[in-house]
Amino acid sequence: MEMHQIRYFLAVARTGNFSRAARECHVSQPSLSQQILKLEEELGEVLFDRQQRGTTLTPAGELFLPHAKQILREVDEALRRVSSSGSVVRGRLVLGVLPTIAPYLLPRLLGPFMKAYPEAEVVVHEEVTPRIVEALQDGKMDLGLVSLPVAGAGLKSEEWFEEPLLLVLPKAHRLAQSDEVVPMRDIEREQFILMQDGHCLADQALTFCTMKGDFAPRVSCRSAQVQTLLALVEAGMGVSIVPQMAVTQNAGVAFRTMCPAPSRKIGFLWKRNRFRSLVAQRFVEWAKAYKGIPPKSKDFGG
C-alpha cells in the first residue's frame, strides 16, 4: 500500500467521480483507476461501487475510509514536524482567509514574507468562516485568518487587531454632504446592500443594526464581493457597512463613521491539537510585527 493510492482513494470518496478525482490529484484517469485497482487487490475487497451515475463506497470502502483519513493525517503531521525541525523555515502553509480580508491584507504581507523565507510555500484559499472552520478541523488547512470570535470544536484563536466598520453611502446621499458622525436612527429607513449569507460581515451588520440601532435593516441586494457591493452603492441602490480596510478613493461613494461605532476583531484560528509548523509560527509573528497593521485611512468623515 502506497501513500498516493490512499490519496487517490480519498479523492474518489470525496468527489464521487474518478474523473474529478484525477483532475484534483493532477494525474490521468487511467493512472488513478489503475492505482485504485491495485489497492483493492492488496486489500482483497472492492472499495467502490462504480455506476454510470456516480461512484459510491462499498461497505468495505466505508470501513476503510476513516483509517485512510487517519493514515494521511499522521503522515502529513510527521512531514510538518520534520520540515520544522531545522533552523530553516521551509514547507507549506495552507492559509484560509475571508474574502473581506484577503485582497486588502495579503498583498502587503505575502510578498515581503516570501522574500524573507524563500523556502516557504503559502497556499491561500479564500473561503467563508464555516468552510475555514471545517477545513481546519479536517486538517486541510493549517491556519485561518478570520473575524473573531468563531465557534468550532477543537479550535484555538488569537486576536490580531480590532478594525472599525464604516457606513458607505452614494456620494450624492444627504448623509454624505457633511463629515458628521451618522447616528443609527438616520439610516434605519435606508435600503441596505450586504454580503451574501454565510459571510460573517453580513451577520455583523445585521446584528449591529438590530442590537444597537433597534431596527431590522431592509436588505435590497446581496453580493459575494466587497468591490461589487461598493459599485452597487455607487449606483445608488442602497447603503452598506464595510470594514475600514476596504476604504477606497472611489469618487462615487463616501465613508462615514456611525454612532455607536461598530467594529470587528481580526485574528488567527487553528486546530488545538495539531502541530503548528515553523512556517505557520513565523507567518503569525511576521503579520503581528508588520507595520501598517491595522490599516488606517483618513479618506472618510467623522
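For segment 37-45, does any single residue satisfy the condition of being modelled with pLDDT of 90 or more, on the phi > 0 side of the Ramachandran plot and loosely packed, with under 13 Cβ neighbours inside 10 Å? Walk me through it before giving the result.
Step one: list which residues in segment 37-45 are modelled with pLDDT of 90 or more, which gives 37-45.
From the residues that got through so far, the ones that are on the phi > 0 side of the Ramachandran plot too are 44.
Now narrow it down to the ones that are loosely packed, with under 13 Cβ neighbours inside 10 Å: 44.
Yes, that holds for at least one residue.
Which of (1) part of a strand (DSSP E or B); (2) touching a residue at least 60 places away in the same chain (Cβ under 8 Å); (3) acidic (Asp, Glu) is the odd one out, the single condition ASP49 does not satisfy?
With (1) part of a strand (DSSP E or B); (2) touching a residue at least 60 places away in the same chain (Cβ under 8 Å); (3) acidic (Asp, Glu) applied to ASP49, the lone miss is (2).
Scan (1) without any contact (Cβ under 8 Å) to a residue 12 or more places away in the chain; (2) touching a Cys at 6+ places or on another chain (Cβ under 6 Å) for the single condition ALA11 breaks and write down its number.
All conditions are met except number (1).
Can you tell me which of (1) at pLDDT below 95; (2) more than 25 Å from TRP160 (Cα to Cα); (3) not charged (D, E, K, R) is the one ILE193 doesn't meet?
(1)
Condition first: within 30 Å of LYS140 (Cα to Cα) and charged (D, E, K, R). Now tell me which residues in segment 219-272 satisfy that.
Of everything in segment 219-272, those that are within 30 Å of LYS140 (Cα to Cα) and charged (D, E, K, R) turn out to be ARG222, ARG264, LYS265, LYS271, ARG272.
Looking at the structure I just gave you, is PRO112 closer than 30 Å to GLU190 by Cβ, assigned to a helix (DSSP H, G or I) and out of contact with any Phe, Trp or Tyr (no Cβ under 7 Å at 6 or more places or on another chain)?
Details: closer than 30 Å to GLU190 by Cβ: no; assigned to a helix (DSSP H, G or I): yes; out of contact with any Phe, Trp or Tyr (no Cβ under 7 Å at 6 or more places or on another chain): yes.
Here the answer is no, as PRO112 does not meet what is asked.
Which of the numbered conditions does ALA254 fail, given that it passes all the others? Conditions: (1) more than 30 Å from PRO118 (Cβ to Cβ); (2) in a loop (DSSP other than H, G, I, E, B); (3) touching a strand residue (DSSP E or B) at 6+ places or on another chain (Cβ under 9 Å).
Failed condition: (2).
Tally time: how many residues in segment 139-183 are part of a loop (DSSP other than H, G, I, E, B) and either of a type outside the set (Val, Ile, Thr) or surrounded by fewer than 14 Cβ atoms within 10 Å (Cβ to Cβ) (or both)? Don't jump to the end; show me each part of the working.
Narrowing segment 139-183 to residues part of a loop (DSSP other than H, G, I, E, B): 139-142, 149-154, 171-173, 177-181.
After this cut, where a residue has to be either of a type outside the set (Val, Ile, Thr) or surrounded by fewer than 14 Cβ atoms within 10 Å (Cβ to Cβ) (or both) as well, the list is 139-142, 149, 151-154, 171-173, 177-180.
Final tally of qualifying residues: 16.
For (1) of a type in the set (A, V, I, L, M, F, W, C); (2) outside the structural domain of PRO99 (by TED's automatic domain parsing); (3) closer than 25 Å to ALA287 by Cα, each residue gets a yes or a no:
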{"site": "GLY198", "(1), (2), (3)": "no, yes, no"}
{"site": "LEU201", "(1), (2), (3)": "yes, yes, yes"}
{"site": "THR210", "(1), (2), (3)": "no, yes, no"}
{"site": "ARG222", "(1), (2), (3)": "no, yes, no"}
{"site": "ILE241", "(1), (2), (3)": "yes, yes, no"}
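Which condition breaks for PRO107 when tested against (1) surrounded by 14 or more Cβ atoms within 10 Å (Cβ to Cβ); (2) in the same structural domain as ASP138 (by TED's automatic domain parsing); (3) not in a loop (DSSP other than H, G, I, E, B)?
All conditions are met except number (1).
Take the residues of segment 69-119 that are closer than 28 Å to ILE266 by Cβ and among the small types (Gly, Ala, Ser): which is modelled with the lowest pLDDT?
We begin by selecting, within segment 69-119, every residue closer than 28 Å to ILE266 by Cβ; these are 76-77, 80, 83-84, 89-119.
Those still in the list that are among the small types (Gly, Ala, Ser) too: 83-84, 91, 96, 102, 111, 116.
Details: SER83: 59, SER84: 55, GLY91: 83, GLY96: 97, ALA102: 95, GLY111: 90, ALA116: 89.
Applying the filter and picking the extreme gives SER84.
Out of all the residues in segment 264-283, which are surrounded by fewer than 15 Cβ atoms within 10 Å (Cβ to Cβ) and modelled with pLDDT of 95 or more?
Residue satisfying the conditions is LYS265 alone.
So that you can scan it fast, the table gives a plain yes or no per residue for (1) among the small types (Gly, Ala, Ser); (2) over 21 Å from ALA231 (Cβ atoms); (3) in contact with a Phe, Trp or Tyr (Cβ under 6 Å, 6 or more places away or on another chain); (4) not assigned by TED's automatic domain parsing to the domain that holds ASP214:
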| position | (1), (2), (3), (4) |
| --- | --- |
| GLY144 | yes, yes, no, yes |
| SER147 | yes, yes, no, yes |
| ALA153 | yes, yes, no, yes |
| LYS171 | no, no, no, no |
| GLN177 | no, yes, no, no |
| GLU180 | no, yes, no, no |
| PRO183 | no, yes, no, no |
| ILE187 | no, no, no, no |
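Looking at GLY213, is it buried (at least 21 other Cβ atoms within 10 Å of the Cβ) and within 14 Å of LEU167 (Cβ to Cβ)?
Working: buried (at least 21 other Cβ atoms within 10 Å of the Cβ): no; within 14 Å of LEU167 (Cβ to Cβ): yes.
Criteria not met by GLY213.
Of all residues in segment 221-250, which are in a loop (DSSP other than H, G, I, E, B) and over 12 Å from LEU194 (Cα atoms)? Step through it out loud before you land on a result.
Initial filter on segment 221-250 (in a loop (DSSP other than H, G, I, E, B)): 224-225, 235-238, 247-250.
The answer is ALA235, GLY236, VAL247, THR248, GLN249, ASN250.
The values are calculated or read from the model by the stated rules, or taken from the named source; none is laboratory data. Values in this document were obtained by computation on a predicted structure and should not be read as measured data. Cβ: placed from backbone, ideal geometry, glycine included. Neighbour counts: every protein chain shown.
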